[in-house]
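Reading through the structure tokens given below for one structure.
The values are calculated or read from the model by the stated rules, or taken from the named source; none is laboratory data. On a predicted model such as this, the values are computed, not experimentally measured, just so you know. Reconstructed Cβ throughout: ideal geometry from the backbone, glycine too, with neighbour counts over all protein chains shown. For accessibility, only protein heavy atoms count, side chains too; no ligands or nucleic acids. Shrake-Rupley method; radii C 1.70, N 1.55, O 1.52, S 1.80 Å.
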Amino acid sequence: MAKTDVAASQKGSRTLDQALRPENWAEYIGQSSIKENLRILLTAAKGRNHQPEHVLLYGPPGLGKTTLAHLMAKEIGASLRSTSGPAIERVGDLASILTNLSPGDILFIDEIHRLNRTIEEVLYPAMEAGVLDIVIGKGPSARTVQLELPPFTLISATTRISMLSAPLRSRFSGGTFRLQYYNDSEIAKILSRSAKILQISIDDESVYEIARRSRATPRTANYLLKRARDFAEVNDEPLNMKTVKKALALLEVDEGGLNQIDRDILTIIIDKFKGGPVGLKTIAASLSEEEDTIEEVHEPYLMQLGLIERTPRGRIVTKKGYEHVGAEVPKSQQNLL
Ligand code: ADE
């Protein structure tokens with residue numbers, strides 16, 4: 001196979017999502033303050049010939065946390081070793097990952113909030129002092145052996161910062177950064193780039209329509225673009241505003257980018273609980289949905305749009321939330337919300 005053919009087939013065999021991932025900082029749209037902070041952190045470390053300090057990235061899913069980790073590794077010419085909280089079941093799993101690192105590696109742990117406390121405690125000395133404490137034996141004869149680890153940088157990502165213990169959080173000495181939702185014009189830029197890579201021809205107006213309904217999230221935007229292209233192709237229609245609207249209607253994505261579950265959350269709080277306040281557990285049970293999914297995926301976006309609010313007594317639907325689902329705002333709440 002010719003060299004270019006190998007490259008092409010490798011590109012083809014990567015998942016579409018990987019193909020859409022920005023490969024350099026210039027291609028990474030938005031999050032400008034985080035990008036600038038990371039650039040300074042990495043450049044300073046490089047200049048001093050030091051390992052960059054550990055970084056924690058948090059925010060709703062699909063905003064580009066993993067992509068940032070890849071770009072950081074590339075920036076300093078390091079290998080990225082990826083794992084996730086749920087994949088590390090035992091202390092031994094983490095010990096094996098850490099001892100197999102090469103000097104200068106970046107270790108990426110996604111969903112770090114899923115690490116259990118015992119495993120978390122192994123991370124503390126590894127992050128702080130670059131050592132692994134191994135306990136050998138049990139009871140009175142147990143002793144600790146300390147292994148020196150190669151210098152490494154831990155980049156972690158989480159959708160649930162509040163689930164991280166204070167000691168773990170405090171060890172991300174390079175910084176903790178919260179990714180923001182994107183505005184429509186940022187998403188439109190991301191979509192135009194994706195369309196080029198996927199060889200989809202689409203006009204600006206349709207790109208904007210998808211952007212407006214993408215939950216301000218690049219992953220969702222790219223997903224909607226691919227589904228709209230499918231819809232147009234299967235129906236043998238051109239990809240334009242009309243087909244985009246039809247495709248989104250079929251996917252039950254409304255004008256505000258809400259999906260059926262988002263709307264169900266609003267309707268259930270309104271219909272069953274008089275607009276709230278109501279606890280997350282109760283909402284989840286009423287909808288037969290996972291509490292975690294509601295808290296990580298749906299609530300942040302509903303709150304971002306100002307459709308619900310979190311109070312100490314539970315979730316309430318705002319006036320805007322009532323209006324979104326076409327429900328009448330109760331008189332008792334008209335002044336409150
Ligand atoms: N894909 C995910 N996040 C992105 C971003 N910020 N810019 C471009 N593409 C992305």
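Fraction of C-alpha pairs exceeding 19 angstrom in region 184-250: 17 percent, rounded to a whole number. When peptides 140-149, 299-308 are sorted by average Cβ neighbour count within 10 Å, with the highest value leading, the order is 299-308, 140-149.
Provide the net charge surrounding Arg310, with neighbours chosen by a C-beta distance below 12 Å and charges set as Lys +1, Arg +1, Asp -1, Glu -1. Overall, the nearby charge balance is -1.
Determine the per residue accessible area of region 119-253 with all protein chains present and a 1.4 angstrom probe, expressed in square angstrom. Don't jump to the answer; show the numbers that get you there.
Details: 6830 Å² over 135 residues.
The answer is 51 Å² per residue.
Distances between placed amide hydrogens fall under 5 Å for Gly175 paired with Leu56, all partners being 5 or more residues away or on another chain.
Can you tell me the relative contact order of region 46-177? Whole percent, Cα pairs under 8 Å, sequence separation 6 or more. Could you put the intermediate results ahead of the total?
Numbers: 215 pairs, mean separation 51.6, N = 132.
Computed value for region 46-177: 39 percent relative contact order.
Taking amide H atoms as placed 1.01 Å from N in the peptide plane, the amide H of Leu154 lies under 5 Å from those of His54, Val55, Leu107, each 5 or more residues away in sequence or on another chain. Close amide-amide hydrogen proximity is noted between Gly275 and Ile270, each under 5 Å apart and 5 or more residues distant or on a separate chain (H modeled in the peptide plane; Pro and chain starts excluded).
With a 10 Å radius around each residue's Cβ, average the other Cβ atoms per peptide and rank 309-321, 80-92, highest first.
309-321, 80-92
Over the chain, dividing the summed -39,500 (n - 2.57) contributions of all DSSP H runs of at least 4 residues by the number of residues returns a 222 nm mean residue ellipticity of -13500 deg cm²/dmol. Distance from the C-alpha centroid of region 121-135 to that of region 252-311: 40 Å, rounded to the whole angstrom.
Taking every DSSP bridge with both residues inside the chain, close to 40 percent are antiparallel. Each label point was placed 7 Å from the Cα along the Cα-to-Cβ direction; for Ala44 and Ala249 their separation is 5.4 nm. Computed from backbone phi, the HN-Hα couplings of region 201-207 come to 9, 8, 7, 4, 4, 5, 4 Hz, rounded to whole numbers (Karplus: 6.51 cos²θ - 1.76 cosθ + 1.60, θ = phi - 60°; Gly and Pro given as x).
With Cα atoms as the point set, region 260-329 shows a radius of gyration and Dmax of 10.5, 29 Å. In the context of the full set of protein chains, residues of region 68-109 present 43 Å² of accessible surface per residue (probe radius 1.4 Å, heavy atoms only). Once the Cα-Cα distance is subtracted from the 0.36 nm per residue extended length, the Arg212 to Ala166 segment shows a gain of 12.9 nm.
Quickly rank 207-214, 193-200, 121-128 as a protection proxy: mean count of other C-beta atoms within 10 Å, highest first.
The most tightly packed comes first, giving 207-214, 121-128, 193-200.
Working from Cα pairs under 8 Å separated by at least six residues, relative contact order for the chain is 15 percent. Counted over all Cα-Cα pairs of region 83-218, pairs farther apart than 22 Å make up 53 percent.
Where a ≥ b ≥ c are the square roots of the eigenvalues of the C-alpha gyration tensor, would you call the chain rounded, which needs a/c under 1.5, or, failing that, prolate if a/b is larger than b/c, or oblate? Judged from the Cα gyration tensor, the chain comes out oblate (a/c at least 1.5, b/c at or above a/b). To the nearest 0.05, what FRET efficiency results for Thr83 and Lys138 with a Förster distance of 30 Å applied to their C-beta separation? Efficiency at R0 = 30 Å is approximately 0.60. A prolate overall shape is assigned to region 141-255, the ratio a/c of its alpha-carbon gyration tensor axes (a ≥ b ≥ c) being 1.5 or greater and a/b exceeding b/c. Tell me, what % of the accessible area of region 170-217 is carbon and sulfur with a 1.4 angstrom probe? Summing carbon and sulfur atoms, their accessible area is 43 percent of the total for region 170-217.
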